[in-house]
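Report on one structure; see the data block that follows.
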Amino acid sequence: MTRVRLGAIGAGWWATSNHFPLFAARADVELVGVCGLGDDLPDIRDRFGFGFATEDPEELFAAGLDAVVITTPHDLHHPLAARALDLGLHVLCEKPMTLAATEAWDLVERAERAGTVFLVPYGWNYKPFTTAAKRLIDDGSIGEIQYALCHMASPTRGLFGNDPSHMLERWSSATAPDPTTWSSPARGGGYAHGQVTHSSALLFWLTGLRARSISGRVLAAGAPVDLFDAGVIRFDNGALGTLSGAATLADGDKYQIDIRLFGTEGVLMIDVERERVALSRYDGTRVDIEIGEGEGEYECLVPPARFIDLITGASTENNSGVEVAARSVELVDALLRSSAADGADVLVHD
């Protein structure tokens with residue numbers, strides 16, 4: 001088997017704790033080089049078996065790669081992913097894919113021209129119970145969607161509020177995320193970019209919907225970036241929707257993602273906290289998807305593996321492609337613009 005020659009840009013806490021161990025364990029991946037900053041970069045190179053380490057992305061791009069994984073701060077995603085696509089590389093880019101809608105759709109166009117794999121690793125999009133829910137939707141079980149509720153909450157006030165007494169103590173000093181990145185408005189800090197990106201991308205992948213306009217508000221509640229988000233959405237198909245997010249669950253509480261879809265033929269509820277998928281059709285049909293205990297917990301083991309499988313041809317199912325990611329980006333972008341305009345209704349796209 002030909003090995004996928006993979007390079008990595010970004011070597012922080014998420015890359016080293018999640019992605020690199022998974023790639024290093026695969027026989028069909030060659031870790032060509034790692035690009036990052038910091039005195040520990042040589043140690044990261046040696047720990048995971050990268051061929052070389054550099055602080056220059058162009059040196060990495062010149063190393064004859066097949067693919068690249070990008071885990072830099074959010075504001076650097078677009079230029080790096082654009083460069084990789086223009087070189088014809090397969091790209092795994094962390095979420096949010098970009099901060100601005102124009103950048104997101106630029107990557108969609110570049111990915112289409114490149115004809116390569118582009119995957120944004122949204123872990124919940126690959127859960128067995130969400131894929132089962134999507135089959136129900138695709139089979140027409142709820143008919144045409146007329147109303148969608150999309151809610152998320154998580155114990156992340158320490159991450160976005162830059163308060164080390166909450167949540168950050170979960171990580172050791174060697175792997176802890178840099179709170180100044182996650183709580184910086186200029187770098188895309190805040191709950192909308194950091195967490196609503198998950199719930200909205202799950203909604204768009206499940207349903208195929210695209211938001212047309214939104215009237216929204218965000219609240220920082222004393223933090224440097226938003227901790228709470230709320231919006232009323234109109235989708236392209238005329239459906240109505242609500243979007244909400246909250247960063248202040250108590251430490252240790254289970255993440256909440258609650259998606260409820262009301263259609264012309266029935267209602268579907270997806271609840272990751274209580275691990276439930278339930279379909280109620282107006283003809284009396286009831287379907288409950290069996291979900292194993294703990295399956296609703298977030299993990300991101302499948303997306304990196306799926307990225308390699310898509311490149312090698314071992315799989316053809318990309319549950320979080322570039323267009324799904326772009327629909328999430330443009331919604332968050334519009335939510336923040338609406339809030340800055342005192343909740344005015346703004347277009348998500350023309």
As an exercise: evaluate ALA82 against (1) assigned to a loop (DSSP other than H, G, I, E, B); (2) surrounded by fewer than 20 Cβ atoms within 10 Å (Cβ to Cβ); (3) out of contact with any Phe, Trp or Tyr (no Cβ under 8 Å at 6 or more places or on another chain) and give the number of the one condition it does not meet. (1)
For a quick check of your reading: which strands (runs of 3 or more DSSP E) sit entirely within the stretch 236-278 and have at least 2 residues that are among the polar types (S, T, N, Q), surrounded by fewer than 19 Cβ atoms within 10 Å (Cβ to Cβ) and touching a residue at least 40 places away in the same chain (Cβ under 8 Å)? 240-246
Which number in (1) part of a helix (DSSP H, G or I); (2) farther than 16 Å from LEU119 by Cβ; (3) touching a Pro at 6+ places or on another chain (Cβ under 9 Å) marks the one condition that HIS19 misses? (2)
Collect the residues in the stretch 50-79 that are more than 30 Å from ALA186 (Cα to Cα) and either part of a helix (DSSP H, G or I) or under 27 Å from the mean Cα position of the chain (by Cα) (or both), keeping them in residue-number order. PHE50, LEU65, ASP66
Those residues of the stretch 199-219 which are farther than 21 Å from ASP350 by Cβ, surrounded by fewer than 24 Cβ atoms within 10 Å (Cβ to Cβ) and either without any contact (Cβ under 8 Å) to a residue 12 or more places away in the chain or in contact with a His (Cβ under 8 Å, 6 or more places away or on another chain) (or both), in sequence order: LEU219
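Residue under question is HIS78, and the condition is that it be of a type outside the set (Val, Ile, Thr) and touching a residue at least 40 places away in the same chain (Cβ under 8 Å); does it hold?
On the way: of a type outside the set (Val, Ile, Thr): yes; touching a residue at least 40 places away in the same chain (Cβ under 8 Å): no.
Answer is no for this residue.
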Quick check: anything in the stretch 309-332 in the same structural domain as GLY194 (by TED's automatic domain parsing), among the hydrophobic types (A, V, I, L, M, F, W, C), farther than 30 Å from ASP66 by Cβ and part of a helix (DSSP H, G or I)? yes
Filter result (closer than 17 Å to ASN18 by Cβ, modelled with pLDDT of 60 or more and either in a helix (DSSP H, G or I) or among the aliphatic types (A, V, I, L, M) (or both)) within the stretch 162-179: ALA176
Mind listing whichever residues of the stretch 81-107 are touching a residue at least 24 places away in the same chain (Cβ under 8 Å) and among the hydroxyl-bearing types (Ser, Thr, Tyr)? THR98
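Assess whether GLY294 counts as being out of contact with any Gly (no Cβ under 9 Å at 6 or more places or on another chain) and at pLDDT below 95.
Values: out of contact with any Gly (no Cβ under 9 Å at 6 or more places or on another chain): yes; at pLDDT below 95: yes.
Considered against the rule, which asks whether it is out of contact with any Gly (no Cβ under 9 Å at 6 or more places or on another chain) and at pLDDT below 95, GLY294 comes out as yes.
Quickly run through the stretch 316-332 and pick out the residues that are surrounded by 14 or more Cβ atoms within 10 Å (Cβ to Cβ) and more than 17 Å from MET152 (Cβ to Cβ). Talk me through it step by step, then tell me what you get.
So the first thing to find is which residues in the stretch 316-332 are surrounded by 14 or more Cβ atoms within 10 Å (Cβ to Cβ), and the list is 318-332.
Scanning the stretch 316-332 gives ASN318, ASN319, GLY321, VAL322, GLU323, ALA326, GLU330.
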Picking from ASP106, ASP56, the residue that is surrounded by fewer than 16 Cβ atoms within 10 Å (Cβ to Cβ) and farther than 20 Å from ASP178 by Cβ would be ASP56
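When you scan the stretch 180-197, do you find a residue that is modelled with pLDDT under 85 and under 29 Å from ILE44 (Cα atoms), even just one? Quick ask: steps written out before the conclusion?
First pass over the stretch 180-197, keeping only residues modelled with pLDDT under 85: 180-181.
Subsequent filtering for residues that are under 29 Å from ILE44 (Cα atoms) retains 180-181.
Yes: the stretch 180-197 contains one or more residues that are modelled with pLDDT under 85 and under 29 Å from ILE44 (Cα atoms).
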Yes or no: ASP350 at pLDDT below 95, over 24 Å from ALA153 (Cα atoms) and either among the β-branched types (Val, Ile, Thr) or out of contact with any Phe, Trp or Tyr (no Cβ under 9 Å at 6 or more places or on another chain) (or both)? yes
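Quick grid of which residues meet (1) outside any helix (DSSP H, G or I); (2) surrounded by 22 or more Cβ atoms within 10 Å (Cβ to Cβ):
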| residue | (1), (2) |
| --- | --- |
| GLY88 | yes, no |
| VAL91 | yes, yes |
| PRO96 | yes, yes |
| TRP124 | no, yes |
| THR131 | no, no |
| TYR147 | yes, no |
| LEU159 | no, yes |
Filter the stretch 7-37 down to residues that are modelled with pLDDT under 95, within 18 Å of THR54 (Cβ to Cβ) and of a type in the set (Phe, Trp, Tyr), then give me how many there are. 0
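The values are calculated or read from the model by the stated rules, or taken from the named source; none is laboratory data. These numbers were taken from a predicted model, which means no experiment stands behind them. Positions of Cβ are generated from backbone atoms using ideal geometry, with glycine treated the same way; all protein chains shown enter the neighbour counts.
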